[in-house]
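Data first, discussion second: the structure below is written as structure tokens.
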Amino acid sequence: MVDARGLSCPMPVVMVQKEVNANKPSELEVLVDAKVCVENVTRYASSQGYDVKVVEKDGEFSMTLKKK
Amino acid sequence: MDDIKLTKLANCAGCGAKVGAGVLASLLEDLQVHNDPNLLVGFDKSDDASVYKVTDELALVQTVDFFPPIADDPFTFGAIAATNALSDVYAMGGEPKLALNIMAVPKDMPKDAIHEILKGGYSKVYEAGALITGGHSILDDEPKYGLSVTGFVHPDKLIRNIGAKPGDVLFLTKPIGMGIITTAAKVDMVSKETYDYALKLMMTLNKNARDIMVKYDVHACTDVTGFGLLGHASEMATGSDVELHIDVDSIDLLSEALELATIGILPEGMYRNRDFAEKYVDPGDCILAKQDMLYDPQTSGGLLIAVDSKDADAFYDELKNNVPSAQRIGVVKEKMGDKYIYIH
């Protein structure tokens, strides 16, 4: 899991990229707390062949990245 | 002084710190506006500067622009902020004459660094042939720098961001992608070569573009800054009540910025610009990463110019050796559809 809550862009993308490069997970959960970060992480995930699902709760976003 | 990393002291980089166009419009709502017959340009059409006619041969152009650090090196930051502030006068076809410093500095900022910011600013003001005659400084947690600039223009030669006519050809004078590059630089994701090139672009005055533009039949011009190419283009299109047809392949997109856009290294300002302008835009088949670049907030970007078609070839010939990147990016058409900008 990548917990990037409280961090502003581009840090969340950098953290997700690090995790993807290191462990090549088939599924990854990412927590962020800004819509911009959801958009940026989604763009990154799509470019790496992941599908993305987003659940919003109390201003926080739980993103599930699944390898296609 | 080499230890100073100015961008670490800033929350938003350069023109990315700009309040979004949509938010700005709502902030200005209901404010009483006084008129004067000699006020040629106020803020009714979101133009780049205000213009006041003094005599039949002379009008004052007045503008202000400042922002937090866009570069780590103080001299470079000062030079970019000044270049960006002077640009508003050039975009109206004017010549800058007087400038005042606007500055905010943290209490503990080294004097040398502050001095370097000012030196950078002065260097660009003098290059523009203008004078710095004073300024105002305050203490603040985050450094900020810019200029208030006064210039002159002949009232009949004034160029606004509206007035584009069907048949006009659209030109752009600098590459696009500076917002993405400076965002990526914060996390060391950009090559030194591209970063240095972006800084050089941001330090390049729009003076040459202006000096060429005033010799031709130009109907509209704006500088491309915080609202991104499509934000500023939509102000031109809606204000002129025309359609802009833009060929995305003819736009000089910084290649590294396009790679970064693809993987989501995008500044928050890009999304603000998209929120404001996308209702005016038909993106066609343009891929998402390229669309994002067209909304990328530029700091000290180039001029977007609508030139009468009879002058387009001669204008382009002169432009191409005198600006960082002369691009013929599209045409203006009569308003027919429900959008104002069509990407092809």
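The values are calculated or read from the model by the stated rules, or taken from the named source; none is laboratory data. Keep in mind that this is a model prediction, so the values were computed, not measured. Ideal geometry is used to build each Cβ from the backbone, glycine not excepted, and the neighbour counts take in all protein chains shown.
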Quiz prompt | Conditions (1) β-branched (Val, Ile, Thr); (2) touching a residue at least 24 places away in the same chain (Cβ under 8 Å); (3) surrounded by fewer than 19 Cβ atoms within 10 Å (Cβ to Cβ); number of the one not met by A:Val54 | solution = (2)
Self-check item: Selection status of B:Gly264, touching a Phe, Trp or Tyr at 6+ places or on another chain (Cβ under 7 Å) and surrounded by fewer than 16 Cβ atoms within 10 Å (Cβ to Cβ)
Solution: no
Quiz item: Which residue, of B:Lys279, B:Lys215, is assigned to a loop (DSSP other than H, G, I, E, B), surrounded by fewer than 24 Cβ atoms within 10 Å (Cβ to Cβ) and at pLDDT 95 or above?
Solution: B:Lys215
Practice problem: Check off (1) within 14 Å of chain A (Cβ to nearest Cβ); (2) not in a loop (DSSP other than H, G, I, E, B) for B:Gly264 and give me the number that stays unchecked. | Solution: (2)
Quiz item: If you take the residues of the stretch B:160-183 that are surrounded by 24 or more Cβ atoms within 10 Å (Cβ to Cβ) and more than 30 Å from B:Glu193 (Cα to Cα), which of them is farthest from the chain's Cα centre (by Cα)?
Solution: B:Asp168
Quiz item: Looking at the stretch B:156-168, is at least one residue outside any loop (DSSP other than H, G, I, E, B), hydrophobic (A, V, I, L, M, F, W, C) and away from chain A (no Cβ under 14 Å)?
Solution: no
Exercise. Quick one: count up the residues across the stretch A:26-51 that are surrounded by fewer than 16 Cβ atoms within 10 Å (Cβ to Cβ), more than 19 Å from B:Ile287 (Cα to Cα) and more than 10 Å from chain B (Cβ to nearest Cβ).
Key: 3
Practice problem: Can you confirm whether the stretch B:187-197 contains a residue that is crowded, with 24+ Cβ neighbours inside 10 Å and under 19 Å from B:Ala82 (Cα atoms)? | Solution: no
Quiz item: If you take just the strands (runs of 3 or more DSSP E) that sit entirely in the stretch B:29-86, which of them hold at least 2 residues that are surrounded by fewer than 17 Cβ atoms within 10 Å (Cβ to Cβ)?
Solution: B:50-55, B:58-67
